[in-house]
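The values are calculated or read from the model by the stated rules, or taken from the named source; none is laboratory data. The model shown is predicted, which means the values in this text are computed figures rather than measured ones. Cβ sites come from the backbone with ideal geometry, for glycine too, and all protein chains shown count toward neighbours. The accessibility values were calculated without ligands, DNA or RNA, using every heavy atom of the protein model including side chains. Shrake-Rupley method; radii C 1.70, N 1.55, O 1.52, S 1.80 Å.
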Amino acid sequence: MTQTSSSPASEPVESRFPLPGNGGRHSWHDGGGGTNAPRTLTWKRYLAAVRRYKWLMALVILAAIGVGVLAARRVRPLYVVTSTIWITPETQRDATLGPMRGEQVIHQAAWPELATSLAILDRVARRMALYVVPRDTNDAPLFVGVGADEQLRMGAYSLRVDPTARRYVLSLVSGPRVETGLLGDSIGRSIGLRWRPSPEALSRRGEVRFNVVSPRQAALALRAGFVASLPEGGNLLRLTLSGTNPQRITAIMRALVAEFIAQAQDLKKRNLIEVTRTLNEQLDVASRDLQTAENALEAFRVRTITLPSETRPTVPPAGTTPGTAPAQQLDPVTQSYFTQQITYEGARRDREMLERTLAGIRAGTLDLSALNALPVARGEASELQTSFRQLADLESQLAAARTQFTDAHPKVIELARQVKELREQVIPRHAAALVTQLRMRENELGSQVASTSQQLRGIPMRSSEETRLRRNATTRELLYGTLKTRYEEARLAEANAMPDVSILDEPVAPERPSSNRKPFVIMLATLLGIAAAAALALLLDRIDPRFRYPEQATDELGLDIIGAVPAARSQDLRNPQQAMQLVEAFRTIRLNVAQAADASGRVLVTISSPNSGDGKSMIAANLAQSFADAGYRTLLIDGDIRRGELDKRFEVERTPGLLDYLNGLATLEQTLNKTSTERLWLFTRGSQQPRGPELLMTPVFPDLMTELQRRFEAVIVDSSPLGAGIDPFVLGAATINMLLVFRAGESNRKLAEAKLKLLSRLPIRVLGVVLNDVSMGGDFQYYSYSYSESEGPKVPELETQLTEFARRSGLLSMK
């Protein structure tokens, strides 16, 4: 068949209409089911999910608001009561600035910790009976004055009064009876309570339920709403207590403040008593140490009073000018030592000189007169001096006698003998005796010097010892004086202990609540409901297996979108604008499918869908019609050998058809049916055959496709759904090209993904997907079309074409 110049097949489609988003590519499908593109949610998808599940979201939000209203009814307004405590600033202790007072017991920053300590909270919990919690706040006045023993049994209790209002029954809630008795008696003895409520009040209530907890647990619960804050460097301690009962929390706050003041004063008092006792003990120890040090110094002075000491200053002699007389003199022992030392040295030198002189006289080197020249011989040796005087007289007499007589004269001889005896015997003997006397004196002086020297050497040690003892006594005296002063101050401070804290602002019951959380609870429930509804809608949208968004085909399945067919009914085609949208939709699909044409410009494609009801037959019929209107010699094959009904829509006979031809029961000319549309033929499915799938797999079918491709320029095969069997895979392998149809809100994406994986292993090229029955808005707005006279020249015979299209619109309802 020869094409006119206006036919789209007159030149290669690829050169005339490059496929947007496809790049004109021709490749085998890469894995059917997915690419590595990220699966993300867009805002438009969010809005689409919200619109789809809007009634479910509205129900969830209304339910959340209802829950919020019910919860708000149980929320009570929150009241806050405050009090301010003045903390005495820490200052240096100075007795001149005021009366004696003890220093602060704890650091300035530790006051908040004391206020929130369990030592205070436990006492307040016991005093205010916070360990008894009534279920109904209206029952709180019944528990005024309740007390507790050490052994307190915790639990939930119920107190019932019999109809006669004479007896009561105390039992555990949903538990056994604990105690019974007459009204007016003490109630709760068996569980550790001392409670005597008014019989009239109990009889009016009938039943009272309450919980009993431990005082420590009540104190911990109290601390949860109690805040104590003290700014750094400040002196105002701010106490805050929050609760739902303003009178109750005010009474508790007053008890807390009173207990805090009492505890601070008690700590101060105990600290002062402990300080006084400690100082008294230290003072006793210091007194004993001082007495010991003084006794040691006194004993040392008594022991060393007779021993020499170091130089002591003396008073200058009377009548001397200050500065001219020596200011100090040596100790007598020291002076005697130096005198003895001088005497000893003199005796030693005299002895040595006398010995050397005697040795020289005996050796003949010195004359006897040298001995008489020695000072020691002239001063102290009386016998030696007498001998020298006798010698001098005898020598004078000898010299006079020699002037008168000869040497042989008896007088001269006698005088010579006496002189010789004095020189050689008497004087040397006296000199030797003098040497012995000097040696003895030297030894005696040496002993005295050594003794005195030993005494003098002990002077520094005794002086150091005395200094140490004096210093120790002075230190002990100073320490004793300091402790004595502090002890007296502590006794004075203890006599009138002044607390470090005082109340500046008394607790006052608040008139208005500080916060009312009812609107917040309702608003929070509403917001949570909105969030839960949105999350539920997104979750349902996420787990929804049906096809709803274009990106599910492109991003998740890796398919190109060939075109989109808007949702329309038969009566909608009376509107030219909507009818033209359908025309343009199939023109776009035709244009994109034409990209799969072979070198000769012929189109061969199989159309299928994941499951039945997706509109594949309608797409196939209208696509074939579009190719025929474009001038293509077109053949539409009803390849759905199980449920195909194209023969009814085109009003032709079903038999003979495809299965009859494959079974050899009819010829090709007998099976090709000319339709009312020019250039469009229909190949029906033929007679129902049990072996239909096997017939498609015989060699006859590929030969048939080759022959049909030779005769027709466009061959469109409408196959069974992918989930129906092997039919669409056989037909797709025969045509090589396959076009899928997804119906918005109907097609199963999971099934399509599984079948695409199978297609990836077959010689089938998936051209893309056609989106059917979509609303041209939201995510599909980019696939919508607009047509008006202002956008271009008027299409010739448009009204006629639309009327003909509307006549064939029965195909739109085909599944």
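Side notes on the structure shown:
- Summary value for region 148-213: 40 percent relative contact order, contacts being C-alpha pairs under 8 angstrom separated by 6+ residues.
- In a DSSP loop and with at most 14 other Cβ atoms within 10 Å, there are no chymotrypsin sites (Phe, Trp or Tyr not before Pro) in region 623-653.
- Put a dot 7 Å past the Cα of Leu751, heading toward its Cβ, do the same for Lys420, and the two dots end up 17.7 nm apart.
- Evaluating 6.51 cos²θ - 1.76 cosθ + 1.60 at θ = phi - 60° for every residue in region 158-174, the Karplus couplings come out as 10, 10, 10, 10, 5, x, 7, 6, 10, 10, 10, 10, 9, 9, 6, 5, 6 Hz, glycine and proline recorded as x.
- Sites Glu207 and Leu59 - FRET efficiency at Förster radius 35 Å, r taken between beta-carbons, to 0.05: 0.30
- Distance between the modelled labels on Ser447 and Glu298, one decimal in nanometres: 4.0 nm (7 Å Cα→Cβ projection).
- Members of Lys54/Lys616; Lys616/Lys648; Lys648/Lys674; Lys648/Lys755 lying beyond 21 Å, as alpha-carbon distances in this model show: Lys54/Lys616; Lys648/Lys755
- The slack between Glu395 and Ala110, meaning 0.36 nm per residue of separation minus the straight C-alpha distance, is 90.8 nm.
- Region 152-300, relative contact order in percent, only Cα pairs under 8 angstrom and at least six apart counted: 15
- Stretchable slack from Asn245 to His409, in nm (0.36 nm times residue separation minus alpha-carbon distance): 42.9 nm
- Here Arg691 and Leu539 are evaluated by their C-beta separation; at R0 = 41 Å the FRET efficiency comes out at 0.30.
- Cα gyration tensor, region 723-775 - rounded (a/c under 1.5), prolate or oblate: prolate
- Two-site label geometry, Asp149 and Val169: point separation in nm, points 7 Å out along Cα→Cβ: 2.4
- Three-way shape label, region 602-654, alpha-carbon gyration tensor, a/c 1.5: oblate
- Between Arg470 and Thr655, residue separation times 0.36 nm minus the direct Cα-Cα distance comes to 52.3 nm.
- Net charge of Cβ neighbours under 12 Å - reference Val169; Lys, Arg +1; Asp, Glu -1: +1
- Separation between Cα centres of region 730-766 and region 391-441, rounded to whole Å: 170
- Under a 5 Å amide H cut-off, with hydrogens placed 1.01 Å from N, Leu366 pairs with Ile361 among residues at least 5 apart or on other chains.
- Pairs of alpha carbons in region 110-217 separated by more than 15 Å make up 63% of all such pairs.
- Global geometry of region 563-714, whether rounded, prolate or oblate, following the gyration tensor of its Cα atoms and the 1.5 cut on a/c: prolate
- If you plug the beta carbon distance of Gln282 and Ser502 into 1/(1 + (r/R0)^6) with R0 = 30 Å, you get a FRET efficiency near 0.40.
- Overall shape of region 244-304 was characterised from the C-alpha gyration tensor. The equivalent ellipsoid obtained from it has semi-axes of 58, 5, 4 Å, in decreasing order.
- Heavy-atom accessible surface of region 418-515: percent carbon and sulfur, 1.4 Å: 50
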